């Protein structure tokens, strides 16, 4: 490439990256504002502030900090889990306030103390997301205390006590003043699963009527990951709610309902695979099976909505009587069969569609019976859960620490990055003594994330939000200085900043800056702090980015192959469970199938999340993204065909058919393992075996095993051929990934995701 062309191409890449990140900064999450959480956080913050000012209590600032931070920890879930999270955070923050105030009294101790404390609490992420949030609050509290040291040891203890007082108020507000209903979070989580199933069924109904093959892929990408995350959240919430409770009636019913939602989701996936393989809609004076399926799917969605209402309301309600099942499809098939308009394979597919609809109706009936009995005493004949959501064996407290004490651990690398960068910010504040220097340190702690892409995005949102919020603070301070009016305004802005967090972090930063700048100006009488906030945020953001890029940074390009290989191996394991059951002459079923299916869903979500982080990373060149997107898309397609195969209730057991299935399974297992290894190590995958020949599909002279499979199970043969096609697309994408040149156009064409 000539120097001028290289320069122009580099300019195009930078411009494209800027536009992509600008879109990400302004992107709103598809959720509603959390108004209740915002109001609760505002009350938790302002009631201690007003009470402390009115009574002239020592440590009024710490009262407000304790109330706000502890309220911020409340992310929902079971009340037991919320109490532990809020209480643990309150204790950790109080200890941070005391120790930080003491260390701040001795400047020589401040820098090493900050390094040790911040690094240790950043490492708390080894215990999960809740511990990570607690660690972040403990670290930020410590650096605030360093900047605002106490006059004596007694003053440091008063700071900790005041923080505990504010935290106690927040806990009373969240857990006592709001009605305590232990199973309410679990009921809402299970109801959300049925709501997601209803959305999926409605979308499938629209796609089935249109009969456009390309739309199935988009539907799968949009819905599958979201529904699996909803099911996992419900599973976690229900497990935490049932932990340590003696009663079993309501908990078991909710478990049955959760399994029912999962089973309906699996049924819809299998149904979608069957529908996609059908031909175009039938025209003319005959009944169209597609139309019958679309109507049944709408009725299925309505039944799921009924389940949402029954689970949420938890009252004795009249049981709905759904009328949908597979009979209308069978009637339409009979009409087509009588006119000779359907082939043998199409007939088998339509019968399979009717079977899946009937089975989904049966699962819905069980869920409706269970939901209507949800609030009552145990009832004889209630279906037991297929598998218990038992609490997993807890590892020892030190086991996660030992597992991550290596520089290969992302958690340890992140903890060291945050500790060193925060210490640099503390050093800058101690040497140059800027006004409100702890704002620099807080920006570092808030912006730095374990991964480069999210850190860069959050830095942009933090800086832009602070600039906008600072300008708003200047405008408000210029015309409104009445203390009572300002307090009323600040209550509203505090509620807004928390309620808008789920939508966009930049909006949260705008209103948080407006709130805390005006509050600081009221307390100090200095009405120029908005500029100070902006400058300090710029310094902190620059430090955070420098620490991220120069201290043990690993690009997502290095992580993505590992996540993608795990998803491919989960696909391989899913099919291995199916083939093992076939070799025993049994239909696949049981806890092993459910567990491997769940593992596959989580592995695919992890790979998609890694790819999204890759897109958010700042890059000086644009990689060819189409092969990576295809790998992700067809990993789900492969899983969907496996789900359809898992729904079979019988498998031919003649020796010839079993021979065909066994050799197909061996070839598929080897090909999937080689593909996963090739993606992981960045090599070219080996050529695929001729899978169609193994099952006798589209072969002029199939051998005895292939001919037997075609004669005895044409639908199974067709489904295995479809599985082979998904594998061939994955194989081609893995090969193109090695040959890919930088993209020549700014956008990936939608056709790259279309199925064969």
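Read the figures in this text as sums done on the coordinates, not as results from a lab. In this text the structure is predicted, and so the values were computed from the model without any measurement. A quick note on method: Cβ atoms are made from the backbone with ideal geometry, for glycine too, and the neighbour counts reach across all protein chains shown.
The equivalent ellipsoid of the stretch 556-753 has semi-axes of 33, 18, 13 Å, largest first, where each one is the square root of 5 times an eigenvalue of the Cα gyration tensor.
Residues of the stretch 412-441 falling in the label zone of residue 528, defined by backbone nitrogen less than 19 Å from a point 7 Å along Cα to beta-carbon, are 432-440.
Over the stretch 493-623, the hull volume per residue, using the convex hull of the C-alpha atoms, is 179 Å³.
A full extension of the chain between residue 699 and residue 55 corresponds to an added length of 223.0 nm, given 0.36 nm per residue minus the alpha carbon distance. Length, then width, then depth: along the principal axes, the Cα atoms of the stretch 417-553 run 49, 37, 18 Å. For the pair residue 176 and residue 583, a Förster radius of 51 Å applied to the C-beta separation gives a FRET efficiency near 0.30, rounded to the nearest 0.05.
What's the long-distance tail for the stretch 323-378, i.e. % of Cα pairs beyond 16 Å? Looking at the stretch 323-378, the distances longer than 16 Å represent 53 percent of pairs. Once the Cβ-Cβ distance of residue 365 and residue 471 is raised to the sixth power relative to R0 = 45 Å, the FRET efficiency obtained is 0.15. Taking 0.36 nm per residue of separation and subtracting the current Cα-Cα distance, fully stretching the chain between residue 83 and residue 592 would add 179.8 nm. Relative contact order for the stretch 184-372: 33 percent, from Cα pairs under 8 Å spaced at least 6 residues apart, divided by residue count. Computed over Cα pairs, the Kirkwood radius of the stretch 586-684 leads via Stokes-Einstein (1.002 mPa s, 20 °C) to a diffusion coefficient of 132 µm² per second. Label-to-label distance for residue 219 and residue 402 is 5.0 nm, based on points extended 7 Å past Cα in the beta-carbon direction. The gain in end-to-end length when the residue 323 to residue 302 segment is fully stretched comes to 6.5 nm, 0.36 nm per residue minus the alpha carbon separation. Of 497, 372, the sequence from fewest to most neighbouring Cβ atoms within 10 angstrom is 372, 497.
Summarising the overall dimensions of the stretch 55-187 from its C-alpha atoms, the Rg and Dmax are 15.5, 53 angstrom. Overall, the anisotropy analysis places the stretch 184-372 in the prolate class: the square-rooted eigenvalues a ≥ b ≥ c of its C-alpha gyration tensor yield a/c not less than 1.5, with a/b exceeding b/c. Put the Cα centre of the stretch 431-465 next to the Cα centre of the stretch 128-151 and the gap is 15 Å.
Please give the FRET efficiency for residue 738 paired with residue 410, using the beta carbon to beta carbon distance and R0 = 22 Å, rounded to the nearest 0.05. That gives a FRET efficiency of 0.30.
Sort 479, 117 by Cβ crowding within 10 Å, fewest neighbours at the top. Walk me through the numbers before you get to the answer.
Values: 479 6, 117 24.
In order of increasing Cβ crowding within 10 Å: 479, 117.
Quick check: the distance between the Cα centres of the stretch 552-621 and the stretch 157-206, to the nearest angstrom? Result: 30 Å between the Cα centres. Site pair residue 341 and residue 488 shows an inter-label distance of 7.0 nm when each label is modelled 7 Å from Cα along Cα→Cβ. Protection proxy ranking, highest mean first, for peptides 571-581, 444-454, 552-562: 444-454, 571-581, 552-562, where packing is the per-residue count of other beta-carbon atoms within 10 Å, averaged.
Going by neighbour counts of Cβ atoms within 10 Å, the residues 205, 159 line up, fewest first, as 205, 159.
Under the √(5λ) rule applied to the eigenvalues of the Cα gyration tensor, what semi-axes describe the equivalent ellipsoid of the stretch 558-612? Give them in Å, descending.
So the three semi-axes of the stretch 558-612 are 27, 10, 5 Å.
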